[in-house]
1. If you go through the range 68-100 one residue at a time, how many are in contact (Cβ under 8 Å) with a residue 40 or more places away in the chain and closer than 21 Å to residue 14 by Cα?
2. Does the range 40-52 contain at least one residue that is out of contact with any helix residue (DSSP H, G or I) (no Cβ under 9 Å at 6 or more places or on another chain), assigned to a helix (DSSP H, G or I) and surrounded by 10 or more Cβ atoms within 10 Å (Cβ to Cβ)?
3. I'd like to verify a number: residues in the range 95-116 that are under 27 Å from residue 60 (Cβ atoms), more than 12 Å from the chain's Cα centre (by Cα) and at pLDDT below 95, how many?
4. Run residue 85 past the list (1) surrounded by fewer than 18 Cβ atoms within 10 Å (Cβ to Cβ); (2) over 15 Å from residue 25 (Cα atoms) and report the number of the one that doesn't hold.
5. Here are some conditions: (1) farther than 26 Å from residue 17 by Cβ; (2) touching a helix residue (DSSP H, G or I) at 6+ places or on another chain (Cβ under 8 Å); (3) outside any helix (DSSP H, G or I). Residue 117 meets all but one. Which one does it not meet?
6. Just the residues that are in a helix (DSSP H, G or I), under 17 Å from residue 25 (Cα atoms) and out of contact with any helix residue (DSSP H, G or I) (no Cβ under 7 Å at 6 or more places or on another chain), please, taken from the range 53-82.
7. Can you tell me how many residues in the range 53-72 are closer than 14 Å to residue 108 by Cβ and surrounded by 14 or more Cβ atoms within 10 Å (Cβ to Cβ)?
8. With respect to residue 19, is the statement that it is surrounded by fewer than 16 Cβ atoms within 10 Å (Cβ to Cβ), modelled with pLDDT of 95 or more and either assigned to a helix (DSSP H, G or I) or touching a helix residue (DSSP H, G or I) at 6+ places or on another chain (Cβ under 8 Å) (or both) true?
């Protein structure tokens, strides 16, 4: 989780949401949800998931599930979660947090657009 930008304090609402997020991400419930997501993905696609940005392997141990939306935090749908390896997840957040324009677009749309850019960049590198 990133800290507030210098000179821009967070509202009480924002602090509460960040605390709720941190608590959920550290919970056994989140670990169960991740396993559930993996089971559903594997059953639906008949294969192991890959990173949505680079196509590399994704595992519970070495992968992250990026939240397209926090609207259902703690009750995420499968479409709220996107598999990313840790490097791609870090890059996505670097881009997402780099400018306020991404936040104005909305998290789901920004996430989709950034993943498309990362996917294109990865294809160009190969």
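The values are calculated or read from the model by the stated rules, or taken from the named source; none is laboratory data. Owing to the predicted nature of the structure, the values given are computational and were not obtained by experimental measurement. Here the Cβ is made from the backbone with ideal geometry for all residues, glycine too, and neighbour counts use every protein chain on show.
1. Adding up the residues that qualify gives 7.
2. There is at least one residue in the range 40-52 that is out of contact with any helix residue (DSSP H, G or I) (no Cβ under 9 Å at 6 or more places or on another chain), assigned to a helix (DSSP H, G or I) and surrounded by 10 or more Cβ atoms within 10 Å (Cβ to Cβ).
3. Of the residues in the range 95-116, 2 are under 27 Å from residue 60 (Cβ atoms), more than 12 Å from the chain's Cα centre (by Cα) and at pLDDT below 95.
4. The one condition residue 85 does not meet is (1).
5. (3)
6. 80
7. 5
8. Spelling it out, it is not the case that residue 19 is surrounded by fewer than 16 Cβ atoms within 10 Å (Cβ to Cβ), modelled with pLDDT of 95 or more and either assigned to a helix (DSSP H, G or I) or touching a helix residue (DSSP H, G or I) at 6+ places or on another chain (Cβ under 8 Å) (or both).
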